[in-house]
Each structure stands twice: as structure tokens, then as C-alpha cells.
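Heads up, the thing below is written out as C-alpha cells.
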Amino acid sequence: MVGRKNLARTSNTPGKTRQINFYNIDDKFYFVDLPGYGFSKMSKQEKVISGKYIEEYLEEGKNIALIILLLDIRHKPTEDDLLMYNYILKSNLPFIVLTNKADKIAVTKVDSEVQRIKEFLGISYSIILPFSAERKIYTDKVWEEIEKFLNI
């Protein structure tokens with residue numbers, strides 16, 4: 001998203017992020033990377049601890065301009081995805097949903113997959129966009145939406 005490889009620590013094993021990571025973007029705002037919950041190899045106890053970190057940050061975090069929920073465009077949202085989506089709805093914080101890994105499916109299927117996820121979540125008014133970190137496709141539209149929420 002910010003055009004810098006290796007900014008965030010990544011791994012081939014999902015669920016390696018165990019802490020909250022703050023990324024200062026040009027001294028204008030922060031991207032805050034919260035621990036993932038999806039296909040992680042965390043134990044149930046570790047998931048509970050991560051869940052508490054996420055909840056505490058979202059409840060007590062100051063100046064949260066926007067929550068970006070990342071979902072994998074290739075898969076039906078999981079129960080955890082649905083729980084997180086409903087939690088975000090109840091938080092009354094602004095959010096958008098990004099369906100990541102759009103480069104992994106045919107361009108002709110992107111819109112229908114976004115629509116499928118939208119219907120599954122029951123999204124009628126929230127913003128849901130495709131995204132690909134790998135190929136940087138759809139980046140301009142995503143940034144256009146993000147910037148609507150930033151006071152920079």
C-alpha cells in the first residue's frame with residue numbers, strides 16, 4: 001500500500017503477528033497492524049490474548065480515523081471474519097473492507113467475488129473494494145477511499 005517492500009514483517013505461516021505494529025506514514029498518519037486471526041497457527045489461548053489486544057486497541061485507541069478489514073477474495077468469509085465485521089459495525093468507527101489477493105483470481109471474476117462477499121456479510125452500504133498488495137492493482141481506488149477519512 002505504501003510502496004515499500006519489507007516494511008511489514010511477513011511470514012509464510014499465517015498468524016505470526018502477535019503484537020500491534022505502528023507504521024508512521026510520512027509523519028502524517030499511522031497504519032496500525034493488528035494481529036491476524038484467520039488461518040493462524042495460534043493456540044486458543046493465544047487467540048484469546050490477541051483478541052483482547054485488538055478489542056482494547058479499538059475501544060481505547062485515540063484518533064482512529066478508519067478501520068480496514070482485510071478479507072481474502074478467494075474464500076468465503078470465516079466465522080472469525082463475520083465476528084470481526086459485526087464487532088466493527090457495533091464499534092461505530094468508520095471502516096472499509098478490502099478483499100485482498102485479487103491478483104490470485106481472474107480479472108473477470110473480481111467483481112463477482114466482491115459481490116459474493118458483500119452478500120455473505122450483508123453489506124448494503126459499507127465500502128468493499130478489491131485489492132492486491134502483490135501487483136498493486138486497485139491501489140488508486142483504495143487510496144482514494146482511505147484519504148476521505150484522513151485529516152491531512
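The values are calculated or read from the model by the stated rules, or taken from the named source; none is laboratory data. All values derive from a computational prediction rather than experimental measurement. Cβ atoms come from the backbone with ideal geometry, glycine included; neighbour counts cover every protein chain shown.
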What are the residues in the stretch 33-48 that are among the hydrophobic types (A, V, I, L, M, F, W, C), modelled with pLDDT of 80 or more and loosely packed, with under 15 Cβ neighbours inside 10 Å, if any? VAL48
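Could you tell me whether ILE68 is crowded, with 16+ Cβ neighbours inside 10 Å, among the aliphatic types (A, V, I, L, M) and either part of a loop (DSSP other than H, G, I, E, B) or in contact with a helix residue (DSSP H, G or I) (Cβ under 7 Å, 6 or more places away or on another chain) (or both)?
Numbers: crowded, with 16+ Cβ neighbours inside 10 Å: yes; among the aliphatic types (A, V, I, L, M): yes; either part of a loop (DSSP other than H, G, I, E, B) or in contact with a helix residue (DSSP H, G or I) (Cβ under 7 Å, 6 or more places away or on another chain) (or both): no.
When the stated conditions are applied, ILE68 does not pass them.
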Answer yes or no: is there a residue in the stretch 90-110 that is assigned to a helix (DSSP H, G or I), within 14 Å of the chain's Cα centre (by Cα) and either under 29 Å from ASN63 (Cβ atoms) or not acidic (Asp, Glu) (or both). yes
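Here's the yes/no breakdown for (1) modelled with pLDDT under 95; (2) part of a helix (DSSP H, G or I):
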position: GLU113; (1), (2): no, yes
position: TYR125; (1), (2): yes, no
position: GLU145; (1), (2): yes, yes
position: LEU150; (1), (2): yes, no
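Can you say whether THR78 is out of contact with any Cys (no Cβ under 8 Å at 6 or more places or on another chain), farther than 21 Å from ASN151 by Cα and in contact (Cβ under 8 Å) with a residue 12 or more places away in the chain, as far as the supplied structure shows?
Details: out of contact with any Cys (no Cβ under 8 Å at 6 or more places or on another chain): yes; farther than 21 Å from ASN151 by Cα: yes; in contact (Cβ under 8 Å) with a residue 12 or more places away in the chain: yes.
It is true that THR78 is out of contact with any Cys (no Cβ under 8 Å at 6 or more places or on another chain), farther than 21 Å from ASN151 by Cα and in contact (Cβ under 8 Å) with a residue 12 or more places away in the chain.
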